[in-house]
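So the structure is just underneath, and the comments pick up after that.
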Amino acid sequence: MLVAELAQRYLPPLDAFMRDVVESAPTAPGFDTLLRYPFGWVDANGQPYHHPTGKRIRPILLLLCAEAAGGDWHSALPAAAAVEILHNFSLIHDDIQDDSEIRHNRPTVWKIWGRANAINAGDAIFALAYSALSRLNATTSPEIALACWQIFNLTNLELTRGQHLDMRFESQASVTTDAYISMVSGKTAALVSASAQMGALIASGSTEKAAHFARYGLNLGIAFQIHDDILGIWGNPDVTGKSAATDILSRKKSLPVLYGLAQSPTLNAVYQRNPFQAADVDEAVRLLDTIGAHEYTRQSEAAYFQQALDALHAALNGRSQAANDLLRLSDLLFERSF
């Protein structure tokens, strides 16, 4: 499988680099465990943990984009580590804000150590992301390192903007599909876009080429989230690990739901029922099927995915093995069932 091949190529040096960054943090009783637990390196007691926590898709994408852009992916390791460390920071804070008790089949940081400790650990991990990025000074020019720093800063602002909108939508009676795409562009797609952009910039030194990769990553990230929206309603529970139509039960304002609410007054009435029970979930899914929400969402996903491919083809010069792998990975993310 391609993801396994890429993981074998990139993840051992990435993991070693990340561990070195995290180990550079000052120590205190219990603090080391708090910082290592989110990455899946230890359990809640600080003992070694040997089960995967996340697929590391973003740093893999960054390193593969660096290779596809014609450079040595090893020089992009600081940026890849920064992206993955930042992603884990965002998950810690998201779990607090969403009251999520489980992440990667384990209790979340706040559930074990409390919200205050989790916020503090998240802040430390945020700082470590910048510590990782600062090591670009040893692998690339000062100009490229500074440009990556600027991309990273803007991405952090986009992540918080997207999270703000996502939380705001929870209490907002009406949300347009355009507003939803704006939210997704920040919360989900911004870090994917930055990964592709920084990988290409470090490898090529070309801001023009990196801009094509940025557009590729942005549209891929949007398509990725839309696909998650489909799986959240119509996915196979045995594959996704979530119960069927879990996004309906939580009344999440995902793209198919927003489309359905705009099309069907009956669905609006169903969504306003309180309490919201299993029979209401079944009726909501039936209404979504009736008005073609599944097909609408699939077409939206396909449109963004095609824009991603168009941008990628504009960036690639020739078809190296890495370029072929990047195209194959894109197809896999588009077709995934997980």
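The values are calculated or read from the model by the stated rules, or taken from the named source; none is laboratory data. Please read these numbers as outputs of a predicted model, since none were measured by experiment. Quick reminder, even Gly has a Cβ in these numbers, built from the backbone with ideal geometry, and neighbours come from all protein chains shown. Heads up: the accessible areas ignore ligands, DNA and RNA and are worked out on the full protein's heavy atoms, side chains in. Shrake-Rupley method; radii C 1.70, N 1.55, O 1.52, S 1.80 Å.
Key figures for this structure:
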{"read-out": "Subset tally (residues that are open to solvent by 60 Å² or more (accessible area, probe 1.4 Å) and farther than 30 Å from T266 by Cβ) for region 284-313", "value": "4"}
{"read-out": "Options E158, E208, E170; residue that is acidic (D, E), at pLDDT 95 or above and either within 20 Å of the chain's Cα centre (by Cα) or closer than 30 Å to F276 by Cα (or both)", "value": "E158"}
{"read-out": "Residue check for A262: touching a Ser or Thr at 6+ places or on another chain (Cβ under 7 Å) and assigned to a helix (DSSP H, G or I)", "value": "no"}
{"read-out": "Number of positions in region 115-149 that are open to solvent by 80 Å² or more (accessible area, probe 1.4 Å), charged (D, E, K, R) and under 23 Å from the mean Cα position of the chain (by Cα)", "value": "1"}
{"read-out": "Complete set of residues in region 219-232 that are more than 17 Å from A68 (Cα to Cα) and either open to solvent by 10 Å² or more (accessible area, probe 1.4 Å) or not charged (D, E, K, R) (or both)", "value": "N219, G221, I222, A223, F224, Q225, I226, H227, D228, I230, L231, G232"}
{"read-out": "Of the criteria (1) open to solvent by 50 Å² or more (accessible area, probe 1.4 Å); (2) more than 23 Å from S90 (Cα to Cα); (3) not in a helix (DSSP H, G or I), which one F276 fails", "value": "(1)"}
{"read-out": "Residue match in region 198-217 (condition: part of a helix (DSSP H, G or I), charged (D, E, K, R), crowded, with 19+ Cβ neighbours inside 10 Å and in contact with a helix residue (DSSP H, G or I) (Cβ under 9 Å, 6 or more places away or on another chain))", "value": "yes"}
{"read-out": "Output for region 141-164, where each listed residue is assigned to a helix (DSSP H, G or I) and hydroxyl-bearing (S, T, Y)", "value": "T155, T160"}
{"read-out": "Residues of region 156-181 classified as under 17 Å from L220 (Cβ atoms) and without any contact (Cβ under 8 Å) to a residue 40 or more places away in the chain, total", "value": "2"}
{"read-out": "Check on D325, under 21 Å from H227 (Cβ atoms), in contact (Cβ under 8 Å) with a residue 24 or more places away in the chain and charged (D, E, K, R)", "value": "yes"}
